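Asks: The structure is given below, and queries will be raised subsequently.
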Amino acid sequence: NCSFVPASNMKLVTGAAALLLLGADYRFRTEVYAADFDAKSGAAKALFIQGFGDPSRSERFYETNGAAADALAAELVAHGLRRVDGDLILDDTFFQAKDTMPADWMKEDLKYCYAPRMGSLSVAGNCLKVKITGAARGKKAVVETDPPVDTERFVNHTVTNRSKRGRVSATLKDNGTLVVSGSVRSGRSVSKEYPLRVPALFYGNVLSGALRRLGVPVKGRILLYRKTKTNLESFTRFTTLNSPPLADILAAMQKHSDNFIAEQIVRTVGGGRNGGTTEAGTALISKTMHRSDLAASWFLRVFDGSGLSRSNRLTPDVLINLLSWLYHSNYRDLVLATLATPGGEGTMEKRLVGTPAQGRLWAKTGALRGVCS
């Protein structure tokens, strides 16, 4: 009954609580409203997009992050959208804007995408990957981004020079414009990834670019609703975009040990009850575990949903009780389908392959510095 730091085994707790609180068939939704939409021409004076934490617009659920963005734009086109004459207004207020990550995550982790920022409007796990390749000396380097961004909202400040050590930096401006700077030698490449500080602006840039690739221009600005408080009287519901069911989302979270999905779930749980914060979500997860007699309060401490926090604590007994309860519940087959297996997709792809465990083991891995489970 000694308590330990569970690392990513915490996702087992998050997943179980999500099933109990949201249900296996729960779908994250994104509401889209259009101002003065003309069905004949397909023109909208503006679009208003309201997010509720959908974590599925990424390469976890599509072939690439670009394909995820293209699918998002294609859904709007399928409903008749042909151009946006005004602004793209983004409402990310379902999650509290100041609470984009758990407060006690280690500072050295925050520059990597395994410690992403959370947002009720998100794409590509809120992670931007940038690669610059040197061209002729003195010329701008070639910039590639994953996911692809809007070419009309992108500034290339790179240069090809003789520098032995290339560098690259990316900044997302308040108007949704991405600025990439840096230097690199001719024929060489430099890559870097960035967890985005304002996920909704990133979402707007990527969506605007995906719409443009489908021939649907967005002529206005990218705006955050919480900063502009646009009058919405002329807007009517255009469509609702739904995620895959929670069961599929949990499979991506568990098999790949995806921190972003876990934290989006925590805030979604908190958003429906107490304001979309990490604190609200983890408090409700703890309460759910205790009320279900799956953990005594002194044996379980929940500070995030992914297990990246070193403040999380649980005992082996809590974990065994939880797994036993899941195995004997109506969720048994669903939960087994979410876990990684030797040689299968995710974290067990290269583990225990060709051993007696293959075909008999379902696992959830976990690792932090000094922790392996």
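The values are calculated or read from the model by the stated rules, or taken from the named source; none is laboratory data. Every value quoted in this text rests on a predicted model; they were computed, and no experiment measured them. As a convention, Cβ positions derive from the backbone with ideal geometry for all residues, glycine included, and neighbour counts pool all protein chains shown.
Residue-wise test of (1) modelled with pLDDT of 95 or more; (2) under 21 Å from Pro147 (Cβ atoms); (3) assigned by TED's automatic domain parsing to the domain that holds Asp150; (4) not small (Gly, Ala, Ser).
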| site | (1), (2), (3), (4) |
| --- | --- |
| Leu47 | yes, yes, no, yes |
| Glu59 | yes, yes, no, yes |
| Ala78 | yes, yes, no, no |
| Phe94 | no, no, no, yes |
| Pro102 | no, no, no, yes |
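Asks: Let me ask something additional. Please find, within the range 306-346, the residue that is farthest from Ala363 (Cα to Cα) out of those that are among the small types (Gly, Ala, Ser), surrounded by fewer than 17 Cβ atoms within 10 Å (Cβ to Cβ) and touching a residue at least 12 places away in the same chain (Cβ under 8 Å).
Replies: Among those residues, the one meeting the criterion is Ser311.
Asks: Check whether at least one residue in the range 15-30 is acidic (Asp, Glu) and at pLDDT 95 or above, and report yes or no. Steps first, please.
Replies: Of the residues in the range 15-30, the ones acidic (Asp, Glu) are 25.
Next cut, at pLDDT 95 or above only: 25.
Yes: the range 15-30 contains one or more residues that are acidic (Asp, Glu) and at pLDDT 95 or above.
Asks: Here is a further query. Taking the range 16-59, which residues are farther than 13 Å from Leu250 by Cα and assigned to a loop (DSSP other than H, G, I, E, B)?
Replies: Once the filter is applied, which keeps residues that are farther than 13 Å from Leu250 by Cα and assigned to a loop (DSSP other than H, G, I, E, B), the range 16-59 yields Asp36, Phe37, Ala39, Lys40, Ser41, Gly42, Lys45, Phe52, Gly53, Arg57, Ser58, Glu59.
Asks: Out of everything in the range 226-255 that is assigned to a helix (DSSP H, G or I) and at pLDDT below 95, what residue ends up being surrounded by the fewest Cβ atoms within 10 Å (Cβ to Cβ)?
Replies: Lys227
Asks: Given the condition acidic (Asp, Glu) and either surrounded by 15 or more Cβ atoms within 10 Å (Cβ to Cβ) or assigned by TED's automatic domain parsing to the domain that holds Ser56 (or both), answer yes or no: does some residue in the range 260-276 qualify?
Replies: There is at least one residue in the range 260-276 that is acidic (Asp, Glu) and either surrounded by 15 or more Cβ atoms within 10 Å (Cβ to Cβ) or assigned by TED's automatic domain parsing to the domain that holds Ser56 (or both).
Asks: Please go through the range 101-132 and pick out each residue that is surrounded by fewer than 20 Cβ atoms within 10 Å (Cβ to Cβ) and part of a helix (DSSP H, G or I).
Replies: Hits for the range 101-132 are Lys107, Glu108, Asp109.
Asks: Working only within the range 144-154, note down all residues that are surrounded by fewer than 21 Cβ atoms within 10 Å (Cβ to Cβ) and hydrophobic (A, V, I, L, M, F, W, C).
Replies: If the condition is that a residue be surrounded by fewer than 21 Cβ atoms within 10 Å (Cβ to Cβ) and hydrophobic (A, V, I, L, M, F, W, C), then Phe154 is the only one that fits.
Asks: A further question follows. Looking only at the range 174-210, filter to residues that are surrounded by 24 or more Cβ atoms within 10 Å (Cβ to Cβ) and of a type in the set (Ser, Thr, Tyr); which one of those is farthest from the chain's Cα centre (by Cα)?
Replies: It comes out as Ser208.
Asks: Step by step: first the residues of the range 256-278, then only those that are more than 25 Å from Leu323 (Cα to Cα) and not small (Gly, Ala, Ser), then the one that is modelled with the lowest pLDDT. Which residue is that?
Replies: Looking at residues that are more than 25 Å from Leu323 (Cα to Cα) and not small (Gly, Ala, Ser), I get Arg273.
Asks: Looking at (1) in a loop (DSSP other than H, G, I, E, B); (2) touching a residue at least 40 places away in the same chain (Cβ under 8 Å); (3) among the aromatic types (Phe, Trp, Tyr), find the lone condition where Tyr62 falls short.
Replies: (2)
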